[in-house]
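Asker: Below: one structure in structure tokens.
The values are calculated or read from the model by the stated rules, or taken from the named source; none is laboratory data. Remember, predicted model here, so these are calculated numbers, not experimental data. Neighbour counts run over all protein chains shown; Cβ positions are idealised from the backbone, glycine included. SASA here: full protein model, heavy atoms, side chains in, ligands and nucleic acids out. Shrake-Rupley method; radii C 1.70, N 1.55, O 1.52, S 1.80 Å.
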Amino acid sequence: MNQWPGLIEAYRDFLPVTTETPVCTLFEGNTPLIPSKIIGPALGIDLYFKYEGLNPTGSFKDRGMTMAISMAKGEGARSVICASTGNTSASAAAYAASNGLKCVVVIPKGRIAAGKLAQAIAEQALVLAVDGNFDEALEIVRYLTDKYPIKLVNSINPYRLEGQKTAAFEIVDQLGEAPDILAIPVGNAGNISAYWMGFCEYLEKGRSTKRPSMWGFQAAGSAPIVLGHKVDNPETIASAIRIGNPVRWRQAEDAVSESNGLIEMVTDDEILKSYEDLAGEGIFAEPASAASVAGVSKFVHQRGVKNGAKVVCVLTGHGLKDPDAVGLMANKVQPVKATNEAVEELLDAGGILA
Ligand SMILES: *Cc1c(COP(=O)(O)O)cnc(C)c1O
């Protein structure tokens with residue numbers, strides 16, 4: 001076979017695996033870096049989208065999960081568990097199912113996007129909906145994994161970050177150099193920490209000559225790092241970053257300060273605007289992903305970024321994950337009678353037949 005081998009084989013030398021480690025892969029990674037045709041030129045920057053929605057389960061979580069599940073399996077685990085705002089559960093369920101492990105996911109009741117829940121159920125995970133938020137779900141998972149041999153695959157699990165750092169490697173490999181700025185949505189702050197690890201390692205190994213400024217963006221209703229305190233009832237349309245007490249808080253702050261970057265917040269309106277802007281480039285990403293674009297759109301000029309700067313926005317998950325978000329943008333489906341004339345008349349009125 002001559003195809004991409006999955007990220008463990010592609011970056012084996014950079015990962016804490018041995019020849020004994022069973023490689024549990026769905027051939028994740030190798031996602032495209034898409035040059036922006038509209039948003040970037042309008043801002044006067046050289047903008048790219050790292051489209052992580054094209055991973056096997058539709059989010060970057062697969063990068064961490066191939067590592068976490070491989071290590072868990074190598075250590076003899078028979079079951080795994082996670083708390084999740086959705087994508088972690090979809091990914092854990094898929095990697096567990098395909099490797100003979102049982103999977104339990106603990107989610108905040110009624111707060112998970114439809115596509116993500118469908119994935120976990122289809123992959124035969126045991127799905128438990130708690131009457132609480134993500135942070136409370138995580139507390140329960142921590143308690144259980146302290147007490148029983150079931151493996152925790154949340155991003156507290158260090159192997160998750162090891163896998164996720166490979167996205168930074170790919171960006172450098174694709175661009176031929178590190179970008180000036182890496183913009184990324186921040187929830188539990190595992191991913192921003194992982195990218196920073198990746199850029200640092202690539203620089204150390206001589207694969208790049210610099211590191212980017214790390215720009216992290218939280219949603220205004222759940223911005224604990226920006227505000228400097230926990231948020232008890234985090235709220236935002238961007239459910240993947242609806243987190244009030246990030247697990248990797250300190251590490252994210254270190255990444256931002258060491259890279260001379262920033263951590264800021266964007267409102268739900270700004271997120272939805274960027275969600276539409278991305279769709280205008282033919283890219284359908286979930287609302288949380290659009291936070292990176294919203295942040296860049298808002299801060300590039302405010303922070304005096306020079307014209308032509310190379311900026312990469314990480315689009316963390318696929319738009320199909322959260323189809324209800326489109327509904328929030330207004331009802332745009334037009335009813336019409338099932339006749340040639342009726343449809344013709346409508347299109348003609350819209351100037352489409354000219
Ligand atoms: C998990 C997730 C995030 C947040 O990543 P963290 O590592 O928790 O900061 C952002 N977007 C999407 C789509 C996610 O699934």
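Asker: Compute the signed sum of charges (Lys and Arg +1, Asp and Glu -1) over the other residues within less than 10 Å, Cβ to Cβ, of THR25.
Answerer: Charge balance near THR25 sits at -3.
Asker: Using +1 at the Cβ of each Lys and Arg and -1 at the Cβ of each Asp and Glu in the stretch 1-109, identify which of VAL80, LEU26, THR66 lies farthest towards the dipole's positive end.
Answerer: With unit charges placed on the Cβ atoms, the residue in question is VAL80.
Asker: Related question: Of the DSSP beta bridges with both residues in the chain, give the percent that are antiparallel, rounding to the nearest 5.
Answerer: 15
Asker: Which value does Rg/Rh take for the stretch 1-49 over its C-alpha atoms, Rh per Kirkwood?
Answerer: My calculation of the ratio gives 1.23.
Asker: Provide the percentage of antiparallel DSSP beta bridges, counting only those with both residues in the stretch 1-148; round to the nearest 5.
Answerer: 25
Asker: Order of 185-194, 90-99 by packing, highest average Cβ count within 10 Å first?
Answerer: Highest-to-lowest ranking by the protection proxy: 185-194, 90-99.
Asker: When only C-alpha pairs under 8 Å and at least 6 residues apart count, what is the relative contact order of the chain, in percent?
Answerer: Relative contact order, the chain: 18 percent.
Asker: Which Cα, out of PRO287, LEU227, SER239, lies furthest along the positive dipole direction of the stretch 218-306 (beta carbon charges, K/R +1, D/E -1)?
Answerer: LEU227
Asker: Let me ask something else. List, in order, the whole-Hz ³J(HN,Hα) value for each residue of the stretch 237-253 obtained from phi through the Karplus relation with A = 6.51, B = -1.76, C = 1.60 and θ = phi - 60°; use x for Gly and Pro.
Answerer: 5, 7, 4, 5, 10, 8, 9, x, 9, x, 5, 9, 3, 4, 4, 5, 4
Asker: Go through the stretch 67-112 and name the trypsin sites (Lys or Arg not before Pro) that are in a DSSP coil and have 14 or fewer other Cβ atoms within 10 Å of their Cβ.
Answerer: For trypsin sites (Lys or Arg not before Pro) across the stretch 67-112 that sit outside H, G, I, E and B with at most 14 neighbouring Cβ atoms in 10 Å, the list reads ARG78, LYS109.
Asker: Please give the per residue accessible area of the chain, computed with a probe of 1.4 Å over protein heavy atoms only, in Å².
Answerer: Accessible area per residue: 43 Å².
Asker: Quick one: work out the % antiparallel among DSSP beta bridges in the stretch 92-244, nearest 5.
Answerer: Of the beta bridges lying entirely in the stretch 92-244, close to 10 percent run antiparallel.
Asker: Here's a follow-up. What is the Cα convex hull volume of the stretch 79-225 when expressed per residue in Å³?
Answerer: Here the figure is 135 Å³ per residue.
Asker: Once you order the gyration tensor axes a ≥ b ≥ c over the Cα atoms, which shape class does the stretch 234-335 get: rounded for a/c under 1.5, otherwise prolate or oblate by comparing a/b with b/c?
Answerer: It is oblate, given that a/c is not under 1.5 and a/b is not larger than b/c.
Asker: Hey, another quick one. Just add up the charged neighbours of ARG142: K/R +1, D/E -1, any other residue whose Cβ is under 13 Å from the Cβ of ARG142.
Answerer: Net local charge, ARG142 excluded: -2.
Asker: OK, next. Tell me, what is a quarter of the convex hull surface for the C-alpha atoms of the stretch 1-112, in nm² with one decimal?
Answerer: Approximately 9.7 nm², given one-decimal rounding.
Asker: Can you give the net charge of the other residues whose Cβ lies under 15 Å from the Cβ of GLY132, counting K and R as +1 and D and E as -1?
Answerer: That works out to -1.
Asker: So what's the back-of-envelope 222 nm ellipticity for the chain, counting only DSSP H runs of four-plus at -39500 (n - 2.57) apiece and dividing by all residues, rounded to 500?
Answerer: -11500 deg cm²/dmol
Asker: Can you pull the Rg over Rh of the chain, Cα-only, Kirkwood?
Answerer: 0.99
Asker: Highest first, please rank the peptides 48-57, 35-44, 128-137 by the mean number of other Cβ atoms sitting within 10 Å of their residues.
Answerer: 48-57, 128-137, 35-44
Asker: Strictly over 25 Å apart at the Cα level, which of LYS50/LYS73; LYS109/LYS332; LYS109/LYS321; LYS50/LYS210 would you flag in this model?
Answerer: Listed pairs above 25 Å: LYS50/LYS73; LYS109/LYS332.
Asker: Calculate what fraction, in whole %, of the accessible area of the chain sits on carbon and sulfur atoms when a 1.4 Å probe is rolled over the protein chains.
Answerer: Answer for the chain: carbon and sulfur cover 52 percent of the accessible area.
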